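Reviewing the structure listed below.
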């Protein structure tokens, strides 16, 4: 078996919907449903809500991870998605996660980097 590089996506989304950046529970529900729909495998998560100031979340997957950090005071969030390709090409799934984040937060991606590694 030869190594097939995974897909690492880094992005910044700007939004005017600040409540979505402040409340972790709606994100937690959406990302859990998305992980299930994409047939990924969640093995853990850590979500921390900051007092009056957004949240940070890391979702651990057998395929690797999804993480976000929100800044309601700036109307933005940064995200990081990495999916390995051990069980097949997960690039379309990583790209789908990035699109779903943009749709969920009703924003516009200002910075997008996709790295094969």
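Taken together, the values in this text are just the output of simple stated rules run on the coordinates, not laboratory data. Remember, it's a predicted structure, so these values are computed and weren't measured experimentally. Methodologically, a virtual Cβ is constructed for each residue, glycine included, from the backbone with ideal geometry; neighbour enumeration extends over all protein chains shown.
Descriptive notes on the structure:
- Peptide ranges 42-50, 98-106, 78-86 listed from the most packed, as the mean C-beta count within 10 angstrom indicates: 78-86, 98-106, 42-50
- Residue exposure proxy: 37, 117, 91, ordered by other Cβ atoms within 10 angstrom of their Cβ from fewest to most, comes out as 117, 37, 91.
- Counting only alpha carbon atoms, the long axis of helix 24-37 and the longest principal axis of the chain meet at about 20°.
- If you run the Gaussian network model on the chain, springs between alpha carbon atoms under 10 Å, then out of 51, 63, 22 the most flexible one is 51.
- For the chain, calculated [θ]222 nm from helices alone, where every DSSP H run of n ≥ 4 adds -39500 (n - 2.57): -8500 deg cm²/dmol
- Residue-span extension gain [residue 14 to residue 89] - 0.36 nm each, minus C-alpha spacing: 24.1 nm
- Debye intensity ratio I(q)/I(0), log10, the chain, q values 0.18 Å⁻¹ (C-alpha model): -0.87
- Each Cα pair under 8 Å and six or more residues apart adds its sequence gap; the mean of these over the residue count of the chain is a relative contact order of 42 percent.
- Computed E for residue 53/residue 111 - FRET, C-beta separation, R0 25 angstrom, nearest 0.05: 0.75
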